[in-house]
Structure formats: C-alpha cells, structure tokens
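This report refers to the structure that appears directly beneath it.
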C-alpha cells in the first residue's frame, strides 16, 4: 500500500482531507467515500482507543483514501502500537523542536543494521497486523518504505523552529494546527486572529523552504483558500462530528424559522 509520503509526491493538486473524530467506523466509511484524498483518525482528542482504531482502518480500506492516524502524544509506545496495528501513516502532535521531530521519527523506525541509523520501534511484527502476521516477506527490512511520519506544529516555539523541524530526516510532512497555536500565542479559541494567521503563513513558508510539504487544518473556506494559495500541499476541511453538528443545527433551524413565520401570521 502506498503511504501519505507517496500520495504527496504523486499529487497534481493540493490534497483535501476530512477527520474521523467520533471513533465511529460508520462515520469513517462515510468520510472515506466522500471523494476526500485523506482521512485523519483522531486518536488525540477523539474517544478512540488502540483496539477501536482497527475497525476504522478496516472501514476506510475499501476506499481510495489515504488514512492517517493521529496518536495522542509523541510517545514511542503508542506509536509502536499504532504501527503494529497496521496504520501506515502517523501524525504526531505538539512537535515544537527538531529534537521532538527526531524522537517521533525514531519511534517509527526499526533500528538500522549495525547501527547505520537510530530506531526505537520494537520488533514484534510477526505478531502484528502491520506485517499481516509475518505474511509480508522482509517487512522489518522494508518497513521505512511502508511507514510515513507527519509532525504537527501547534505552538509559537514550533513556528519559530519550523524549518529545522521540517528538515529532520524521516519527517515526510508538517501539519500546522491553528487552534492550539492560537492558544500558545495568547488567543485561545481565536485562530482567526491576524497574528495567528500570520504565524500559520510563516510556518508554511518555513516548511516549504526546506522542501517539505506543509498542510493546515482549515475548516473555514477562506482559511483553506488562503493556505492553498500560500503553497500548502494539503488541507483538512471538516470533521465528521462538526459536519453532523452544523448540518443538524441547520436542518432544525430552517424548519423552526419556517414554523415561526407561519405562526406570526
């Protein structure tokens, strides 16, 4: 199976993604079948345990969508478990320095032969879905080709260090999260502040300056358009939970308005 790294390399236009934040495999299948290029399974803020990720991966696998799992933290144990589960693409949150990025890459890599490179991923692939329980010949030696690591910049320090983060060997893409970035800059809940948007744009520029693809979480159309014009290679434009929340509110509000207008007469 191709990775997020491969999808970015082959893309002729910016990739468009949706979130599975609910933890529902049914919602994941609906999102995966939407025509989106990317599906992000949110193991950080979503109510999704390791075992609950498996049916989500199963549901999405029937569709031509690249599935990415956001782990809860930059933790080598969790990254190992998610990769062993069969996720090929991991997104690591709250990466604010090159050292943070190197730790994420190290957790996703097996040790190299005779110390040729550092890796900390535990080797248990024969017991795991990642190698189809030992049915993929040479999985350990070839694992780097089958795994992609994206790191998430969500702090002012991360923006300041964006170029060095993006330049770390093994970082395939950088994802910028305006919500937590706004909080770290003193604007909690206000990602549309001009200073925050300027920081997002600066991060995109810095990441692209070293040749690494940059992406942004941009649920507002204007934000998505601005980031794509800035050079973002991918944007996430909605989540299952927010689409259901706003869609249900709009459907109910329309009928209630119509009823109120009728009663007024």
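So how many residues does region 41-62 have that are surrounded by 17 or more Cβ atoms within 10 Å (Cβ to Cβ) and either over 20 Å from residue 152 (Cβ atoms) or in contact with a helix residue (DSSP H, G or I) (Cβ under 9 Å, 6 or more places away or on another chain) (or both)?
9
Of the conditions (1) without any contact (Cβ under 8 Å) to a residue 60 or more places away in the chain; (2) touching a helix residue (DSSP H, G or I) at 6+ places or on another chain (Cβ under 7 Å); (3) not in a loop (DSSP other than H, G, I, E, B), residue 120 clears all except one; give me its number.
(3)
From the residues in region 57-89 that are in a strand (DSSP E or B) and without any contact (Cβ under 8 Å) to a residue 40 or more places away in the chain, which one is farthest from residue 102 (Cα to Cα)? I'd like the intermediate steps shown before the answer.
From region 57-89, those in a strand (DSSP E or B) are 66-70, 89; that's our starting set.
Now restrict to residues that are without any contact (Cβ under 8 Å) to a residue 40 or more places away in the chain: 67, 69.
On the way: 67: 22, 69: 18 Å.
Of everything passing the filter in region 57-89, 67 is farthest from residue 102 (Cα to Cα).
If you go through region 21-36 one residue at a time, how many are in contact with a strand residue (DSSP E or B) (Cβ under 7 Å, 6 or more places away or on another chain), assigned to a loop (DSSP other than H, G, I, E, B) and touching a residue at least 40 places away in the same chain (Cβ under 8 Å)?
Matching residues across region 21-36 total 1.
Taking the stated definitions as given, is residue 9 part of a helix (DSSP H, G or I), surrounded by fewer than 17 Cβ atoms within 10 Å (Cβ to Cβ) and either free of Cβ contacts under 8 Å to residues at least 12 places away in the same chain or touching a strand residue (DSSP E or B) at 6+ places or on another chain (Cβ under 9 Å) (or both)? Let's see the steps before the verdict.
Numbers: part of a helix (DSSP H, G or I): yes; surrounded by fewer than 17 Cβ atoms within 10 Å (Cβ to Cβ): yes; either free of Cβ contacts under 8 Å to residues at least 12 places away in the same chain or touching a strand residue (DSSP E or B) at 6+ places or on another chain (Cβ under 9 Å) (or both): yes.
Yes.
With the checklist (1) closer than 19 Å to residue 130 by Cβ; (2) crowded, with 23+ Cβ neighbours inside 10 Å in hand, flag the one item residue 110 doesn't pass.
(2)
Among the listed residues 39, 54, 18, which satisfies the condition of being within 25 Å of residue 121 (Cβ to Cβ), outside any loop (DSSP other than H, G, I, E, B) and in contact with a strand residue (DSSP E or B) (Cβ under 6 Å, 6 or more places away or on another chain)?
Numbers: 54 fails: in contact with a strand residue (DSSP E or B) (Cβ under 6 Å, 6 or more places away or on another chain); 18 fails: within 25 Å of residue 121 (Cβ to Cβ).
The unique qualifying residue is 39.
Which one of the conditions (1) over 30 Å from residue 229 (Cβ atoms); (2) in a loop (DSSP other than H, G, I, E, B); (3) touching a helix residue (DSSP H, G or I) at 6+ places or on another chain (Cβ under 7 Å) does residue 95 fail to meet, given that it meets all the rest?
(1)
For residue 190, indicate whether it is in contact with a helix residue (DSSP H, G or I) (Cβ under 9 Å, 6 or more places away or on another chain), under 21 Å from residue 19 (Cα atoms), surrounded by fewer than 22 Cβ atoms within 10 Å (Cβ to Cβ) and modelled with pLDDT of 95 or more. Before you say what the answer is, go through the steps one by one.
Numbers: in contact with a helix residue (DSSP H, G or I) (Cβ under 9 Å, 6 or more places away or on another chain): yes; under 21 Å from residue 19 (Cα atoms): yes; surrounded by fewer than 22 Cβ atoms within 10 Å (Cβ to Cβ): yes; modelled with pLDDT of 95 or more: yes.
The answer is yes for residue 190.
Which one is farthest from the chain's Cα centre (by Cα) among residues in region 106-117 that are under 22 Å from residue 57 (Cα atoms) and not in a loop (DSSP other than H, G, I, E, B)?
Quick first cut of region 106-117, residues under 22 Å from residue 57 (Cα atoms) only: 107-109.
Still in the running and not in a loop (DSSP other than H, G, I, E, B): 107-108.
Details: 107: 17, 108: 15 Å.
Checking each candidate, the answer is 107.
Residues that are within 19 Å of the chain's Cα centre (by Cα) and closer than 24 Å to residue 7 by Cα, at least 1 per element: which helices (runs of 4 or more DSSP H) completely within region 129-245 meet that? Steps first, answer last, please.
On the way: elements: 139-146, 156-160, 162-166, 178-184, 194-209, 221-230.
Result: 139-146, 162-166, 178-184, 194-209, 221-230.
The values are calculated or read from the model by the stated rules, or taken from the named source; none is laboratory data. Note that the structure is a prediction, hence the values are computed from the model and not measured. Every residue, glycine as well, gets a Cβ built from its backbone with ideal geometry; the counts of neighbours run over all protein chains shown.
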